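**Student:** I have a structure here, written as structure tokens, and I will follow up with some questions on it.
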Amino acid sequence: MKIYINPLTANNIKVLLLCNLLEIDPEFQVVALNKGEQRSDKFLAISPEGQVPVLLDADLLLTESNAILQYIAAKHQSNLWPSDFIEQAKVLRILFWQSSYFNSGVGAFAHRKIVMPFWGFGFNELDAEQVTKYHKSVGALEAMLKKNNFVTGNSISIADISLSAFFIFASKAEMPLEQYPNTQVWLRNISRQHWFIKTQHHLEAFMSN
């Protein structure tokens with residue numbers, strides 16, 4: 001299995017988190033987005049959209065980070081992808097919501113405050129509209145966690161992996177979480193896990209090179 005990746009963006013970080021959780025070690029090929037490698041003819045031949053992550057496994061070429069999460073979890077027979085079709089539907093609902101709404105609401109914090117400066121594009125504060133979208137997104141997550149330990153119930157799933165990737169730089173990006181106690185507990189429980197810590201160390205090492 002080979003995965004083309006850029007380890008600084010949330011949609012790629014979620015794949016790293018899952019691989020570390022399952023203790024699998026695919027071949028990773030870093031694509032330097034800040035250098036435009038995603039627009040090279042060589043990479044566009046693999047991914048016409050010019051986006052990462054991309055998974056290659058035998059004859060399968062798979063794009064879209066959440067589809068990659070589902071494939072890896074299912075291939076390794078992990079209960080992070082539930083066998084019950086109702087539970088699968090709950091997980092899929094969160095994954096679709098993340099990609100269509102949560103991504104732009106929460107992803108902008110780390111991307112503007114951590115990733116863009118690292119790439120040399122300077123620091124950018126979020127405007128009022130983006131801050132409002134952030135609070136709506138985290139507010140919705142807060143409501144999901146009101147009665148459950150995880151976003152679809154009391155068992156962790158790839159939905160939690162997907163969402164947690166957006167908070168891996170929460171402290172450095174100074175994400176405002178004070179008014180979201182359920183989210184803080186959820187994130188604290190996840191961030192204590194060895195696979196989350198290992199991924200953080202991986203990112204720190206990548207950024208220090």
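**Student:** Please compute one quarter of the surface area of the Cα convex hull for the chain and express it in square nanometres.
**Tutor:** 11.6
**Student:** So, in Å, what gap is there between the alpha-carbon centers of segment 126-151 and segment 11-32?
**Tutor:** Here the two parts' Cα centres lie 26 Å apart.
**Student:** What does the highest-first list of 105-114, 38-47, 52-61, 160-169 look like by mean Cβ count within 10 Å?
**Tutor:** Descending mean neighbour count gives 160-169, 105-114, 52-61, 38-47.
**Student:** I need the phi-derived Karplus couplings for segment 190-205: 6.51 cos²θ - 1.76 cosθ + 1.60, θ = phi - 60°, integer Hz, Gly and Pro marked x.
**Tutor:** Along segment 190-205, the couplings run 6, 5, 7, 6, 4, 6, 6, 5, 4, 5, 4, 5, 4, 5, 4, 5 Hz.
**Student:** Here's something else I'd like to know. What does the helix-only formula give at 222 nm for the chain: each DSSP H stretch with n ≥ 4 adding -39500 (n - 2.57), the total divided by the residues, and the result rounded to the nearest 500 deg cm²/dmol?
**Tutor:** -14500 deg cm²/dmol
**Student:** Can you list the equivalent-ellipsoid semi-axes of segment 73-156, largest first and in whole Å, using the square root of 5 times each Cα gyration tensor eigenvalue?
**Tutor:** 30, 17, 10
**Student:** Can you tell me which of 4-10, 177-183 comes out highest on packing, and rank the rest after it, using the mean Cβ neighbours within 10 Å?
**Tutor:** My ranking of the peptides, most packed first, is 4-10, 177-183.
**Student:** Continuing with this model, one more query. For segment 6-114, state what percent of all Cα-Cα pairs lands in each successive 10 Å bin, counting from 0 Å until the bin that includes the largest distance.
**Tutor:** Spelled out bin by bin, segment 6-114 gives 13, 42, 36, 9, 0 percent.
**Student:** For a bin width of 5 Å, list the pair-distance distribution of segment 85-208 built from all Cα-Cα distances, rounded to whole %.
**Tutor:** All Cα pairs considered, the percentages come to 2, 10, 20, 23, 20, 14, 7, 2, 0, 0.
Where a number appears in this text, it was derived from the coordinates with a stated rule and is not lab data. The structure presented is a predicted model; accordingly, all values stated were derived computationally and were not measured. Virtual Cβ from ideal backbone geometry, glycine too; neighbours counted across all protein chains shown.
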